[in-house]
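So the structure is just underneath, and the comments pick up after that.
Values in this text are rule-based calculations from the coordinates and carry no lab data. These figures come from a predicted structure and were not determined experimentally. Note that each Cβ is placed from the backbone with ideal geometry, even for glycine, and that neighbours are counted across all protein chains shown.
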Amino acid sequence: MCVPILACPRCSREWQITGDGWVRCSSCGYEADSYTGAIEYIRIHKGLKSLDGIDAKSKPQIYSCPACGALALLERAETDLHANFQFLCFSCGGFWAANELARCPECMEWKPGEEFEELIICRSAVGFYVCRACYEKIFK
Ligand SMILES: [Zn+2]
Ligand SMILES: [Zn+2]
Ligand SMILES: [Zn+2]
């Protein structure tokens, strides 16, 4: 599978994730940094006219990418029927299917499923799963 192609917010033609932190349209020249690009994606798929309707700070919908660490990962919009991804990073172009990432209950970031460690809280038989980074923090 190749990197998902997005629709340019200005001209609706191909809007490409360059892989170096930008999203660029070769038709009309519109480009945005990966975070702004991710916000634009949400705006378009929510049918909002401006970015003002998106309160990214109080209602975070952009996450850190588990591959490159940039704050540019988002979940596919329900209205985006053509997407071949469930999660897409606007910075490195990495993308994942719904079952490939899980949300860590500790840091609330999306991480690959194999990066989870079972955390057993003292004497309790029932553990829960946190990502490796959180696991290491807790046991330091
Ligand atoms: Zn364009
Ligand atoms: Zn990334
Ligand atoms: Zn975590």
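Need the full-extension length gain, ASP33 to PHE139, defined as separation in residues times 0.36 nm minus the C-alpha distance. One decimal, nm. Numbers along the way, then the final one.
Numbers: separation 106, 0.36 × 106 = 38.16 nm, distance 3.66 nm.
This chain segment gains 34.5 nm when fully extended.
Given an 8 Å cut-off on Cα distances and at least 6 residues of separation, report the relative contact order of the stretch 100-140 as a percent. The value is 34 percent.
What FRET efficiency do you get for ALA102 and SER50 if R0 is 41 Å and r is their Cβ-Cβ distance, rounded to the nearest 0.05? Intermediate values should be presented prior to the final figure.
Values: r = 33 Å, r/R0 = 0.81.
Between ALA102 and SER50 the formula returns 0.75.
What Kirkwood hydrodynamic radius do you get for the stretch 100-140 when you take the inverse of the mean 1/r over all pairs of distinct Cα atoms, in Å? When all Cα pairs of the stretch 100-140 are included, the Kirkwood radius is 10.4 Å.
Counted residue by residue at 0.36 nm each, then reduced by the alpha carbon distance between them, the extension gain from PHE128 to ARG10 reaches 38.0 nm.
Computed from backbone phi, the HN-Hα couplings of the stretch 130-140 come to 10, 6, 4, 4, 5, 4, 5, 5, 5, 9, 7 Hz, rounded to whole numbers (Karplus: 6.51 cos²θ - 1.76 cosθ + 1.60, θ = phi - 60°; Gly and Pro given as x).
Calculate, in whole percent, how much of the Cα-Cα pair population of the chain lies beyond 23 Å. Percent of Cα pairs beyond 23 Å in the chain: 39. Report, in degrees rounded to the nearest 10, the 0 to 90 angle that the Cα long axis of helix 34-46 makes with the longest principal axis of the chain. Helix 34-46 sits at roughly 80 degrees to that axis.
Remark: the stretch 79-94, residue by residue, has Karplus-estimated 3J(HN,Hα) of 7, 8, 7, 8, 5, 9, 9, 9, 10, 9, 9, 7, 8, 9, x, x Hz, where x stands for each Gly or Pro and the curve is 6.51 cos²θ - 1.76 cosθ + 1.60 at θ = phi - 60°. In sequence order, the stretch 28-33 has phi-based couplings of 10, x, 5, 9, 9, 6 Hz under the Karplus curve 6.51 cos²θ - 1.76 cosθ + 1.60, θ = phi - 60°, and Gly or Pro positions carry x.
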